[in-house]
Amino acid sequence: MTRPASMSRAGTACVRRDLMAAGPRPSRASAGADKTSPRSGPAPYVAAMTDISMTDRCDCGATAGPLGMCVDYYHGILAEEQSDPQMFRWHACVVVTYLLQHSSRAHEKYLDDQYRQLQLYVDQGLDALLRLAAHRVARNNHRARPSYGTAPLTTYAPLPQGEPPRFSASFSGLPVKDGSFVFDGHSAYGDRIKAIAEATVESWKSVQS
Ligand SMILES: [Zn+2]
């Protein structure tokens, strides 16, 4: 189940691609297309196609980068980390950060847990998150106390109701050189992922206040 459209960032960029294909959006980030579509002008489907081609904003509100939208960066990371075990250490951080920035693509029932995981990571670092993941795997294999899997997360804030404001760091802002996200080393890459994670938690936390 995805979140209902009514819970999306109202009327702006948070429109799923499949919905976009169905017709023109009520509003858009760039008003440029309006100049070429006078009221008596092209048929609606022409306006819709123009709209799609001119979309330069992601669901999360970020501007597209050289690789495209956040989803293009996300898939690029997932592909590269497959053959790079050191880079793969940030896999869970990448996934939960991406889903919390693009919650219309996430499973709502898991989002609260993912938000708490992200807070754990920002608060205690990568090793703490990897420890939690390892314990959860062990628990699922009946080799650990059932309570440990969620215990470290209960102290963190639940996911607030509502939509977070725009994030100050996004996937589409990640630098890529020679087709690699870890061109300057894993530590630098990890710092960039952490910055996006921190921006994500910060935005969601502001929903509560
Ligand atoms: Zn995005």
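None of the figures in this text is laboratory data; all of them are computed from the coordinates on show. This structure is a prediction, so every number in the text was calculated from the model and none was measured. Note that we place each Cβ from the backbone using ideal geometry, even for glycine, and neighbour counts take in every protein chain shown.
Efficiency by 1/(1 + (r/R0)^6): what FRET value for His186 and Ala64, r their Cβ-Cβ distance, R0 = 30 Å, to the nearest 0.05?
Result of the calculation: an efficiency of 0.70.
In terms of modelled amide H atoms, which long-range or inter-chain residues lie less than 5 Å from the amide H of Gly125?
Result for Gly125 returns nothing.
Suppose a student asked you for the relative contact order of the stretch 80-177, using Cα pairs under 8 Å spaced at least 6 residues apart; what percent would you report?
So the answer I get is 25 percent.
Kindly rank 151-159, 99-107 from highest to lowest mean number of other beta carbons found within 10 Å of each residue.
99-107, 151-159
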